[in-house]
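Peer 1: After the structure tokens below, expect a handful of questions from me.
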Amino acid sequence: MRISVQEARDRIPHHDIILETTVRLMVPFIQLYGLYVIVHGHYSPGGGFQGGVILGASVILFALAFGLPASQEYLSEGTNILMANAGALIFTGIAVLCALLGGMFLDYSALVKILPIDPISWRSHGIFLVEVGVGMGVMMIMISIYWDMASAGHLDEGLHMASASQTDKVL
Amino acid sequence: MIWQLDLFLLILVVICAVATITVKDLLSATIIFSAYSFLMCLLWAEMGAVDVAFTEATVGAGVSTIFFIAAIFRTTRRSKD
């Protein structure tokens with residue numbers, strides 16, 4: 001039996017128990033893996049950017065299954081903007097702090113003047129601090145791009161509603 | 001590096017790239033492009049660039065596919081040319 005694309009879209013239920021249960025089980029593990037990739041980034045492949053994308057993808061998956069308004073209850077728009085800017089500020093802040101303390105830009109060994117531990121281990125921990133900032137920024141910007149693209153910039157409805165309104169236009 | 005595996009993956013990459021720009025259905029093009037990204041990820045990992053492969057898997061095959069599908073929902077599905 002062949003059906004048209006519009007008919008197939010109309011048949012998508014707005015609440016699918018299999019989809020919602022699967023996503024509810026998967027999202028915590030995806031977020032745990034994203035945190036692992038960020039925290040373990042200077043020992044293994046991965047780092048702030050990849051971990052941030054994985055964390056962002058977990059919230060995007062949530063928004064795909066439960067709709068955009070539900071994902072905005074999970075993570076409000078104000079928190080999104082605040083954390084995206086905080087991430088960028090952590091990155092540039094630490095970099096400029098290194099320069100102000102007498103080192104080069106992003107030269108973490110200059111941070112010895114704040115907390116006197118070995119300069120070599122400061123280089124390792126400095127990378128970790130910067131990657132936390134990168135991860136926060138990338139995660140929030142990925143979610144923000146998805147919200148804007150899925151709702152055409154209105155942030156009120158998700159892709160379910162987009163298909164419904166397109167059906168109205170056709171009819 | 002195993003050159004036979006490299007060659008096999010590269011042939012598949014080229015097939016996916018050509019299919020992406022020839023196919024008329026935009027959703028099919030997106031899914032084939034996702035497969036292209038995943039094959040590139042395998043190729044990077046096989047060549048030893050694991051960090052690049054990780055980025056390709058998360059951004060290329062994961063998030064950008066969702067962005068493309070979100071964009072397709074706002075257009076008509078088949079291209080006109």
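Peer 1: Determine which member of the set A:Gly93, A:Gly137, A:Gly78, A:Gly87 is closer than 15 Å to A:Gly56 by Cβ, free of Cβ contacts under 8 Å to residues at least 60 places away in the same chain, in a helix (DSSP H, G or I) and not aliphatic (A, V, I, L, M).
Peer 2: On the way: A:Gly93 fails: closer than 15 Å to A:Gly56 by Cβ; A:Gly137 fails: free of Cβ contacts under 8 Å to residues at least 60 places away in the same chain; A:Gly78 fails: closer than 15 Å to A:Gly56 by Cβ.
After ruling out the rest, the residue left standing is A:Gly87.
Peer 1: If you don't mind, another one. What residue, of A:Leu106, A:Leu68, A:Leu64, is more than 14 Å from chain B (Cβ to nearest Cβ) and either within 30 Å of A:Thr21 (Cβ to Cβ) or over 13 Å from the mean Cα position of the chain (by Cα) (or both)? Can you show your working first?
Peer 2: Values: A:Leu68 fails: more than 14 Å from chain B (Cβ to nearest Cβ); A:Leu64 fails: more than 14 Å from chain B (Cβ to nearest Cβ).
Result of the check over A:Leu106, A:Leu68, A:Leu64: A:Leu106.
Peer 1: Being open to solvent by 60 Å² or more (accessible area, probe 1.4 Å), within 22 Å of B:Ser64 (Cα to Cα), at pLDDT 90 or above and of a type in the set (A, V, I, L, M, F, W, C) is the filter here, so list the residues in the range A:17-66 that pass it.
Peer 2: A:Met26, A:Phe29, A:Leu32, A:Leu35, A:Phe49
Peer 1: Do you know which residues across the range A:137-153 are open to solvent by 40 Å² or more (accessible area, probe 1.4 Å) and at pLDDT 75 or above? Break it down into steps so the answer makes sense when it comes.
Peer 2: Filtering the range A:137-153 down to residues open to solvent by 40 Å² or more (accessible area, probe 1.4 Å) leaves A:141, A:145, A:148-149, A:152-153.
Those that are open to solvent by 40 Å² or more (accessible area, probe 1.4 Å) and at pLDDT 75 or above: A:Ile141, A:Ile145, A:Asp148, A:Met149, A:Ala152.
Peer 1: Working only within the range A:40-75, note down all residues that are under 14 Å from A:Met136 (Cβ atoms) and in contact (Cβ under 8 Å) with a residue 40 or more places away in the chain.
Peer 2: A:Gly41, A:Gly47, A:Gly48, A:Phe49, A:Gly51, A:Gly52, A:Val53, A:Leu55, A:Gly56, A:Val59, A:Leu75
Peer 1: Turning to a different aspect of this structure: Could you check, for the range A:115-124, whether at least one of its residues is open to solvent by 60 Å² or more (accessible area, probe 1.4 Å), in contact with a helix residue (DSSP H, G or I) (Cβ under 6 Å, 6 or more places away or on another chain) and not in a helix (DSSP H, G or I)?
Peer 2: No, the range A:115-124 has no match at all.
The values are calculated or read from the model by the stated rules, or taken from the named source; none is laboratory data. Remember, predicted model here, so these are calculated numbers, not experimental data. As a convention, Cβ positions derive from the backbone with ideal geometry for all residues, glycine included, and neighbour counts pool all protein chains shown. Ligands, DNA and RNA are excluded from the accessible area calculation, which covers all protein heavy atoms including side chains. Shrake-Rupley method; radii C 1.70, N 1.55, O 1.52, S 1.80 Å.
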